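The structure under discussion appears below in the form of structure tokens.
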Amino acid sequence: MVDNSWWIGLITGGTAVVASWVTGRSLTRSARVEAEVTARAAETAEARTRRRDAYRELSAAVHGLSEVFWRMEEADAAPEGARRAAVLGEMQIASRAALNEVTRASREVALEGPAEAAAAARTLRRRALTAHQRLVALGTGEGDREAYDRAYRVFREEHSGFLDLARAALEVG
């Protein structure tokens, strides 16, 4: 009888080498996929954080501008003449500075996206500019209070719409 132990040993060794090679390739591929998934998750989390910060910054800038616009009650309470003109003048100066912040923050949102939030930020900025222009017209005596109130209401509604879009853009799931 022929001793087959040498052939059995050779086949067993060859099988072990092939199995080891297949396992090594699988582990390498698995590690690469895991690294890619981890990197994508980190990128997604970072993008979400940047968006949230941009949205928060725009909302804070809008709130700052709204605080200026809320001073209209003070102008209404002031007697006609120099005091009312002074309050409106202060409001114009403050609203210009606050509008600059809204513009800067809306551009950040436009960079971070998504497209719907960027479009809402641009529209919000335009509504802020319109309200500011109506305030300036009141200060120069060329505008009327109803036009200012309408522009301010539209501005506030646009801010609410932006917040809804921003919230939806940040939802996880």
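Quick note: the coordinates plus some simple rules give every number you see, no bench work behind them. All of these numbers come straight from a predicted model, not from anything done at the bench. With ideal geometry, Cβ positions are generated from the backbone for all residues, glycine too; neighbour counts draw on all protein chains shown.
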Fill in: GLY143 long-range amide H proximity, modeled H, under 5 Å
LEU138
Response to the item:
For segment 154-162, Karplus-derived ³J(HN,Hα) couplings (6.51, -1.76, 1.60; θ = phi - 60°; whole Hz; x for glycine and proline) come out as 5, 4, 5, 5, 5, 5, 4, x, 4
Worksheet entry | Per principal axis, descending, Cα span of the chain in whole Å | 124, 21, 19
Discussion item. So if I average 1/r over every pair of distinct C-alpha atoms in segment 65-119 and take the inverse, what Kirkwood radius in Å does that give?
Written reply: 12.8 Å
Practice prompt. Return the calculated 222 nm mean residue ellipticity for the chain, to the nearest 500 deg cm²/dmol, obtained by summing -39500 (n - 2.57) across DSSP H runs with n ≥ 4 and dividing by the residue count.
Written response: -32500 deg cm²/dmol
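When ranked by the protection proxy of mean other Cβ atoms within 10 Å per residue, highest first, what sequence do the peptides 99-109, 26-36 form?
On the way: 99-109: 19.4, 26-36: 10.0.
Packing proxy ranking, top to bottom: 99-109, 26-36.
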Response to the item:
Phi angles of segment 94-105, converted by Karplus (6.51 cos²θ - 1.76 cosθ + 1.60, θ = phi - 60°) into ³J(HN,Hα) in whole Hz with x for Gly and Pro, give 5, 5, 5, 5, 5, 5, 4, 5, 4, 4, 4, 5
Worksheet entry | Karplus (6.51, -1.76, 1.60) ³J(HN,Hα), θ = phi - 60°, over segment 109-125, in Hz, Gly and Pro reported as x | 5, 4, 6, 7, x, x, 4, 5, 5, 5, 5, 5, 5, 5, 5, 4, 4
